[in-house]
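Q: Input: one structure, supplied below.
The values are calculated or read from the model by the stated rules, or taken from the named source; none is laboratory data. None of the values given here were measured: they were computed from a predicted structure. Cβ coordinates were reconstructed from backbone atoms using ideal geometry, including for glycine residues, and neighbour counts include every protein chain displayed.
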Amino acid sequence: MNIHEYQAKALFEKFGVPVPKGASAKSAAEFDAALASLPEGPTMVKSQIHAGGRGKGTFTDGFKGGVKFCKTKADAKDLAGKMMNNTLVTIQTGPAGRKVQTVYFTVASDIKKEYYLAVLLDRASSRPVIVVSTEGGVDIETVAHDTPEKITKVLIDPAYGVADFQLRQLIGALQLSGAEAKNAAKLIKNLYTFFWETDAAMVEVNPLITTPTGDVLALDAKVSFDSNALYRHSEIVALRDLNEEDPKEIEASKFDLAYIALDGNIACLVNGAGLAMSTMDIIKHYGGNPANFLDVGGGATKEKVIAAFKIILGDANVKGIFVNIFGGIMDCNVIAEGIVEAVKEVGLKLPLVVRLEGNNVAKGKSTLANSGLALVSGDTMADAAQKIVKLVA
Amino acid sequence: MSILITPKTKILVQGITGAFGAKHAQLSLDYGTQLVAGVTPGKGGQFFEHGAHKVPIFNSVHEAAAATGATVSVIFVPPPFAGDAILECVDAGLDLAVCITEGIPIKDMIRVKRAISGAKTRLIGPNCPGLVTPGTGEGSDGGCRIGIAPGYIHKKGHVGVVSRSGTLTYEAVFQITSKGLGQSTSVGIGGDPVNGTNHLDVIKLFNADPDTKGIILIGEIGGNAEVEAARWIKDNCTKPVAGFIAGATAPAGRRMGHAGAIVGGHEDTAAAKIAVFEECGIEVAATPSDMADALLRAAAKKGVSLA
């Protein structure tokens, strides 16, 4: 689960990670109150959406930049009015962009130098890793690719936490000394505590900055949490912003269906995550374009299949449906009955190709064949994928 | 032979009284697996009854193992308690703990993995379908089925299958069986980012198993476990290997069902992993329908019979 920058920074402050003073507004009416809490002087205005590349983004009305520097608070209010309820398109949003529904004002800090800091899971060692670089404020993947020596990674033993010698390694890598070193060490240690205590999946501060007065601040904050751990963090669940999620994905989550919208026109309904992913792949392999990832899970019931069909058909781009089920334990006939019922209930007009395999498959196939529905049966994944691609083309 | 488990392996089930655990305990008993004990704290002394089977339930893994000689546990307990269940297996000194539970917090698994490092007990999973060593009866009955995989699609034979995904494992197993060949053991290592046993661990076991003549390695986007396994195969594996990677069309940064199936950078994409497979001499299946055929091609190139 992702949260906004302003929410992440509020959490940072609770854990003793310094950030520039800021205030958020959810409507133009709230601008004055938010700005009143900040001192007069240079102010940043930041569009709050769950996507990177905001600064270089463009609004759909042509206004450029989702993050702006202003000399005065009056200017900041003016620019915030141009962002609020406007739609921002960045390299991460896709062409549709995201509607800005919160604007965040912060004091514009004096920047001496920018750095990079992140805490995440290192899968190879199954441990948390702290990543730092002297190259901040730029795309870290590019730094990792072009100048890997400028990135330092320190693995943390979960039984002990961050050791002092590791903080010295990190500070050394950042080439900091004096008050900056002391402040940065404290910030890093607190950021790790935040990561660990909140079950974060990833915390990225890019840039981390030093100021001419020796302060060290998190200028940006990108945080995501482990969905599996949300049951023990009601305070984080409360930060979920449904405006940032695809309505179809929200609907799917109510039925415990794993659904992700994509931009193709062949919808997929599959059991199992691996099979669901490779169903998308095989559609692409035969020249089609998948409209979604959808895993109905191992215990798919009729109700789930019906809900899945409704969600799929809520996507106006969909021109055909590919149902791919390997019923290992699950009875193929139960699935077949679910499909028949769902198709009748939603009054399906689009081409439908069904590939069933596994437990009680003969009965399942005969249920489909005798249903009177205009569906096409596929024998293997490859056969079925070719059929649906042809039908949609 | 086989790897990790044989038809004689005695297993216990943690969470046998829950609906999911009970259903799969019944299926394993039907398959002929030596399922000798259940564990549910507070229900010790009761029995899990299924047909002619009467399986004793114990309060702890220690008691169950001591009383029945079980050496392997399969875990069906809910996510908040699953980490504890794994630690209990390690404390009881079992050979193998297979954790089926999906949805365990990553932090719990980080701590569990740290706590069990160096222990005698091997962990498979979590969020995995388990493993099957087929038997010789009809529908491969008489084998050892641990977890939630369908036993009947297996056939005793010589192909080793290792995968993060349940349904793709079944797909591969079914293709092999449909070609008249069979499996030594099929192993689902699970779709979580922190798991007990990775692809490479299983590949090493298959390579050392005289009864395994060919291997199908199924991976997906996210992490570098498949790449690590492929590099080892290039230098060490003497047997034909076919590989498949799911998620070529997955958008970056999105979690594709499995907690671990997420593209984080340039190197954990399907294309990057497939390129490494090719470079390491692994016969790549172009689609999931091609997995068994790809292994047959790999075997033909090496002049190896899989029968």
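Q: Being in contact with a Pro (Cβ under 9 Å, 6 or more places away or on another chain) and buried (at least 20 other Cβ atoms within 10 Å of the Cβ) is the filter here; which residues of the stretch A:218-244 pass it?
A: Listed by number, the residues that qualify are A:Ala218, A:Leu219, A:Asp220, A:Asp226, A:Asn228, A:Ala229.
Q: A further question on this structure: Give the stretch A:329-373 a look and list any residue that's within 24 Å of B:Pro129 (Cα to Cα) and of a type in the set (A, V, I, L, M, F, W, C), or say none.
A: Matches in the stretch A:329-373: A:Ile329, A:Met330, A:Cys332, A:Val334, A:Ile335, A:Ala336, A:Leu356, A:Val361.
Q: Given A:Asn333, A:Asn360, which one is over 24 Å from B:His258 (Cβ atoms), surrounded by fewer than 24 Cβ atoms within 10 Å (Cβ to Cβ) and within 12 Å of chain B (Cβ to nearest Cβ)? Before you say what the answer is, go through the steps one by one.
A: Numbers: A:Asn333 fails: within 12 Å of chain B (Cβ to nearest Cβ).
Only one candidate qualifies: A:Asn360.
Q: Oh, and also: Could you count how many residues in the stretch B:106-122 are free of Cβ contacts under 8 Å to residues at least 60 places away in the same chain and surrounded by 24 or more Cβ atoms within 10 Å (Cβ to Cβ)? Walk me through it before giving the result.
A: So in the stretch B:106-122, the residues free of Cβ contacts under 8 Å to residues at least 60 places away in the same chain come out as B:107-108, B:111-112, B:114-115, B:117-121.
Then keep just the ones that are surrounded by 24 or more Cβ atoms within 10 Å (Cβ to Cβ); that gives B:107, B:112.
Of the residues in the stretch B:106-122, 2 are free of Cβ contacts under 8 Å to residues at least 60 places away in the same chain and surrounded by 24 or more Cβ atoms within 10 Å (Cβ to Cβ).
Q: Looking at B:Ala82, is it closer than 26 Å to A:His233 by Cβ and either surrounded by fewer than 24 Cβ atoms within 10 Å (Cβ to Cβ) or of a type outside the set (Lys, Arg) (or both)? Talk me through it step by step, then tell me what you get.
A: Details: closer than 26 Å to A:His233 by Cβ: yes; either surrounded by fewer than 24 Cβ atoms within 10 Å (Cβ to Cβ) or of a type outside the set (Lys, Arg) (or both): yes.
For B:Ala82, the condition - closer than 26 Å to A:His233 by Cβ and either surrounded by fewer than 24 Cβ atoms within 10 Å (Cβ to Cβ) or of a type outside the set (Lys, Arg) (or both) - is met.
Q: Another question about this same structure. How many residues does the stretch B:95-118 hold that are more than 10 Å from chain A (Cβ to nearest Cβ) and over 22 Å from B:Thr6 (Cα atoms)?
A: First pass over the stretch B:95-118, keeping only residues more than 10 Å from chain A (Cβ to nearest Cβ): B:95-101, B:116, B:118.
Restricting the remaining residues to those that are over 22 Å from B:Thr6 (Cα atoms) gives B:101, B:116, B:118.
Looking only at that region, the number is 3.
Q: Of a type outside the set (Gly, Ala, Ser) and within 14 Å of chain B (Cβ to nearest Cβ): is that true of A:Phe293 in this structure? Walk me through it before giving the result.
A: Numbers: of a type outside the set (Gly, Ala, Ser): yes; within 14 Å of chain B (Cβ to nearest Cβ): yes.
It is true that A:Phe293 is of a type outside the set (Gly, Ala, Ser) and within 14 Å of chain B (Cβ to nearest Cβ).
Q: Would you point out which residue out of A:Pro290, A:Pro247 is surrounded by fewer than 24 Cβ atoms within 10 Å (Cβ to Cβ) and not β-branched (Val, Ile, Thr)?
A: Numbers: A:Pro290 fails: surrounded by fewer than 24 Cβ atoms within 10 Å (Cβ to Cβ).
A:Pro247 is the lone residue from the list that is surrounded by fewer than 24 Cβ atoms within 10 Å (Cβ to Cβ) and not β-branched (Val, Ile, Thr).
Q: Could you list all residues from the stretch A:87-116 that are within 30 Å of A:Pro212 (Cβ to Cβ), outside any loop (DSSP other than H, G, I, E, B) and either without any contact (Cβ under 8 Å) to a residue 60 or more places away in the chain or of a type outside the set (D, E, K, R) (or both)?
A: Step one: of the stretch A:87-116, the residues within 30 Å of A:Pro212 (Cβ to Cβ) are A:103-116.
Now narrow it down to the ones that are outside any loop (DSSP other than H, G, I, E, B): A:103-107, A:113-116.
Within the stretch A:87-116, A:Val103, A:Tyr104, A:Phe105, A:Thr106, A:Val107, A:Tyr115, A:Tyr116 qualify.
Q: Looking only at residues that are outside any strand (DSSP E or B) and basic (Lys, Arg) in the stretch A:126-178, which one is nearest to the other protein chains (Cβ to nearest Cβ)?
A: Within the stretch A:126-178, the first condition is being outside any strand (DSSP E or B), and the residues that meet it are A:126, A:134-150, A:156, A:158-160, A:162-178.
Checking the rest, the ones that are also basic (Lys, Arg) come to A:150, A:168.
On the way: A:Lys150: 16, A:Arg168: 23 Å.
Per the stated criteria, the residue is A:Lys150.
Q: Which of the residues that make up the stretch A:31-77 are among the acidic types (Asp, Glu) and either assigned to a loop (DSSP other than H, G, I, E, B) or within 26 Å of A:Ala96 (Cβ to Cβ) (or both)?
A: So the first thing to find is which residues in the stretch A:31-77 are among the acidic types (Asp, Glu), and the list is A:32, A:40, A:61, A:75.
Passing the criteria: A:Glu40, A:Asp61.
Q: Let me ask you something else. Do we have any residue at all in the stretch A:379-393 that's in contact with a Phe, Trp or Tyr (Cβ under 9 Å, 6 or more places away or on another chain), within 14 Å of chain B (Cβ to nearest Cβ) and farther than 25 Å from B:Thr287 by Cα?
A: No, there is no match, as no residue in the stretch A:379-393 is in contact with a Phe, Trp or Tyr (Cβ under 9 Å, 6 or more places away or on another chain), within 14 Å of chain B (Cβ to nearest Cβ) and farther than 25 Å from B:Thr287 by Cα.
Q: Now a separate question. Restricting attention to the stretch B:163-172, which residues are closer than 20 Å to B:Asp201 by Cα and assigned to a helix (DSSP H, G or I)?
A: To start, the set of residues in the stretch B:163-172 that are closer than 20 Å to B:Asp201 by Cα comprises B:163-166, B:168-169, B:172.
Across the stretch B:163-172, the qualifying residues are B:Gly166, B:Leu168, B:Thr169, B:Ala172.
Q: I would also like to ask the following. Restricting attention to strands (runs of 3 or more DSSP E) lying wholly within the stretch A:258-356, give those where 3 or more residues are touching a Leu at 6+ places or on another chain (Cβ under 7 Å) and at pLDDT below 90.
A: Values: elements: A:258-261, A:266-270, A:292-295, A:320-327.
Qualifying strands (runs of 3 or more DSSP E): none found.
Q: Out of B:Ala92, B:Ala70, B:Ala64, report the one residue that is aliphatic (A, V, I, L, M) and either within 14 Å of chain A (Cβ to nearest Cβ) or in contact (Cβ under 8 Å) with a residue 60 or more places away in the chain (or both). So that I can check it myself, show each step before the final result.
A: Details: B:Ala92 fails: either within 14 Å of chain A (Cβ to nearest Cβ) or in contact (Cβ under 8 Å) with a residue 60 or more places away in the chain (or both); B:Ala64 fails: either within 14 Å of chain A (Cβ to nearest Cβ) or in contact (Cβ under 8 Å) with a residue 60 or more places away in the chain (or both).
Within the list B:Ala92, B:Ala70, B:Ala64, the selection yields B:Ala70.
Q: While we're on this one: What's the number of the condition B:Asp235 fails, among (1) more than 8 Å from chain A (Cβ to nearest Cβ); (2) touching a residue at least 40 places away in the same chain (Cβ under 8 Å); (3) not basic (Lys, Arg)?
A: Failed condition: (2).
Q: Please count how many residues of the stretch B:276-295 are within 12 Å of chain A (Cβ to nearest Cβ), of a type in the set (A, V, I, L, M, F, W, C) and either part of a helix (DSSP H, G or I) or more than 22 Å from the chain's Cα centre (by Cα) (or both).
A: Matching residues across the stretch B:276-295 total 3.
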